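This report concerns only the one structure given below.
The values are calculated or read from the model by the stated rules, or taken from the named source; none is laboratory data. Only a predicted model underlies this, so the values are computations on that prediction, with no experimental measurement involved. Cβ atoms come from the backbone with ideal geometry, glycine included; neighbour counts cover every protein chain shown.
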Amino acid sequence: MTKRSNEETRSYFSWNFEMERMLVKVLKDQRNMGNKSDKAWKRVAYDVAIIVLSNNFKVQVTWEIVKNQIKLWRSWYGVVNDILG
């Protein structure tokens, strides 16, 4: 039996604009409820995002997928901030 490489077993999650908008709304609501510290989101914020996205878009979402999307947004913010600065 041969081992598969990580690339063969890795799956990718595709975001669309409506999903991103929904995630922004959820995170905004969660921030207003106090579920974000100075540096990180509380697990309950991820859990709510998972439920909302799964129910509205019929997709399987994990907290890692949500966390990675937020990290991507942070990198985009840095790029846009540099361009505008």
Which one of the conditions (1) modelled with pLDDT of 95 or more; (2) out of contact with any Lys or Arg (no Cβ under 9 Å at 6 or more places or on another chain); (3) surrounded by fewer than 12 Cβ atoms within 10 Å (Cβ to Cβ) does Ile51 fail to meet, given that it meets all the rest?
(3)
In region 24-48, what residues are surrounded by fewer than 17 Cβ atoms within 10 Å (Cβ to Cβ) and part of a helix (DSSP H, G or I)?
Val24, Lys25, Lys28, Asp29, Arg31, Asn32, Arg43, Val44, Asp47
Among residues belonging to region 1-30 that are closer than 16 Å to Thr62 by Cβ and of a type in the set (Phe, Trp, Tyr), point out the one that is modelled with the highest pLDDT.
Trp15
In this structure, does Lys67 turn out to be modelled with pLDDT of 95 or more and in contact with a Gly (Cβ under 9 Å, 6 or more places away or on another chain)?
no
Out of region 54-85, which residues are over 12 Å from the mean Cα position of the chain (by Cα), of a type in the set (A, V, I, L, M, F, W, C) and either loosely packed, with under 13 Cβ neighbours inside 10 Å or not in a helix (DSSP H, G or I) (or both)?
Val59, Trp76, Val79, Val80, Ile83, Leu84
